[in-house]
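The values are calculated or read from the model by the stated rules, or taken from the named source; none is laboratory data. Nothing here was measured: the structure is a model prediction, and the numbers come from that model. Here the Cβ is made from the backbone with ideal geometry for all residues, glycine too, and neighbour counts use every protein chain on show. Quick note on the areas: whole protein, heavy atoms, side chains included, nothing else; ligands and nucleic acids left out. Shrake-Rupley method; radii C 1.70, N 1.55, O 1.52, S 1.80 Å.
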Amino acid sequence: MVFVALASLAATTLTPQAGAAPVRSQAPTQVVLADEDEGADCAVGTPPATSSARLPDPFTRIDGTRITSRSDWRCRRAEIKELAERSIYGQKPPPPQSVTGTVSSTGITVNVSDQGRSASFSASVSLPSGSGPFPAVVVLGGFGADTTTIRNSGAAVINFDPLSVGREGTPRNNKQGAFYSIYGSSSGTGLLAAWAWGVSRIIDVIEQSGGTVLRADATGVTGCSRYGKGAFAAGAFDQRIALTMPIESGTAGAPILRGIPGESGSQPLSSAYGEQPWLGDAFGSYTSNPASLPVDMHEVVAMIAPRGLFIMENPHIDWLGARSGSVAALGGAEVYKALGEGDNITYWSDIQDGNHCAVRNEWRTPLQQHIQKFLLQTGDQPGVFRVSPNKSGNLAEWRDWQTPALTTGGPQDPPDDDDPPPASDGCRAASRVVSSWNGGFQAEVTVTNDGSAAIGGWTVQLVLPSGATVNSLWNGERTGSSGTISVRPSPHNASLPAGGSTTFGLVAGGGGTSGLSGLACTPA
């Protein structure tokens, strides 16, 4: 993970406060820090009205043009952020005028002043063994990824009570907590954005503490259930967060909002809006018509790109909408891939224990790997998609857009090794094993148009290992489930320009982990 930005926050005064009690005398290491919002200078217009059951195209700007380079993503993300604030969350204000506080081996204090008002809150700290400074994972409300595994992996745990900044059980016109003490009890901002604001202010204090206890450049966030919704929002809205880990977040969390009404047993949008003021006040006008939303949760997933994201879901509880969650993850993963960081997103719903917010063996190893990769920078395990066949969504049913091949620079930059290959003849298919386990594997197939002209379709033939059967397949339509099968494109990824490519994925079980063979592509 490469952070490119400044060590200071724009428009924020981070004044050290006396009283901190660091536990290490080691001199802090000079680090280059990301900004909370790297696209704060990007202009965002007003989108045209929409009424589409399909997911919005994350690569198409408000003005209708599509981004063409990876550098374009900065301002496109800013558009998505603004739309998400306007329609789903309410505004997360820019960095406040003053943030001060202390960091010690046992706790963090936070004091915020903005617009002539002040508020304070705190969080507890639990350090791992060894010598600091340590990376840290903010755990919302005491419910999130297994804290024992986090500490054993070498990261500190920051226990943050989000209710101290945005209290539940209050009416929308009289919201309470540190956030609303500053921005007003009648603010249209929902609790999730307020909780995200609280996490950002904790990071502010860590930054200004000098890095003697906690590292300012290695913060993660996690939470489960409603706190999973909050962790998801925190990671989306603060680009300093290196690793986001929402668990069983349900409606108003990761699952696409357009998918909830059609997913049997999932919490209705009106219920999520009315249960608590989690969502912004403006979302009330969309609860019965999510097709009119200018944005959806696959784009909030994409806001986290290219940073680390580990989405954990529970397919055993219908209320949590895991099928819609898988669609959001698959849709957001297309942005990760276009940015050249497809290995930085993991989605895992293939679990045995159906208890809500349980500590699960299936997630222990990937949790360790994600902390190593994104917080400690000591690992490079690629991301995986382990989708439960009981709640497997099909992205092809939800999109009518194709993932572009983004260049690595601006429009005037010459091509390099990451740009589309030069034209030749026909199409080709290549596969890789994304992850494997006892008796099964997940594979991704990349289809590339090597011709000098666009093609309107393609067919890939491939061979599965002996005894293996396809459990699920996305971004394509298959014929057969074992032995030699063929895969045709979904409507959204049938056409490929010269040099363009697309991907489809599958999960197979029952026949070992050797992956696919005999791949052959035929253009149409």
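A full extension of the chain between CYS42 and SER514 corresponds to an added length of 165.3 nm, given 0.36 nm per residue minus the alpha carbon distance. Going through the cross-link list LYS229/LYS337; LYS229/LYS373; LYS92/LYS391, which pairs have a Cα-Cα distance over 28 Å in this structure? The answer is LYS92/LYS391. Secondary-structure-derived ellipticity at 222 nm for the chain, considering helices only, amounts to -5500 deg cm²/dmol, per-run term -39500 (n - 2.57) for DSSP H runs with n ≥ 4. Rolling a 1.4 Å probe over the protein heavy atoms of region 438-524, with every protein chain left in place, gives an accessible area that is 47 percent carbon and sulfur. Computed over the chain, relative contact order equals 13 percent, with contacts defined as Cα pairs under 8 Å that lie 6+ residues apart. Taking Cα extents along the principal axes in Å as the quantity of interest, determine which of (i) 67, 55, 49; (ii) 72, 65, 48; (iii) 68, 51, 50 was computed from the displayed structure. Answer label, from the structure shown: (iii). Placing R0 at 45 angstrom, the Cβ-Cβ distance between ARG54 and SER131 gives a FRET efficiency of 0.30 after rounding to 0.05.
Heavy-atom accessible surface of TRP348, to the nearest 10 Å², is about 30 Å², with a 1.4 Å probe and all protein chains retained. Taking only protein heavy atoms and a 1.4 Å probe, the accessible area of region 120-250 is 41% carbon and sulfur. Charges were assigned to the Cβ only: +1 to each Lys and Arg, -1 to each Asp and Glu. The resulting dipole of the chain about its Cα centre is roughly 800 debye. Sorting 184-196, 56-68 by average packing, meaning the other beta carbons within 10 Å per residue, from highest down gives 184-196, 56-68.
For region 35-115, the fraction of 1.4 Å probe accessible surface lying on carbon and sulfur atoms is 50 percent. When only the Cβ of Lys, Arg, Asp and Glu is charged (+1, +1, -1, -1), the dipole of region 179-262 relative to its Cα centre reaches about 200 debye. Solvent-accessible area per residue in the chain equals 36 Å², computed with a 1.4 angstrom probe and all protein chains kept.
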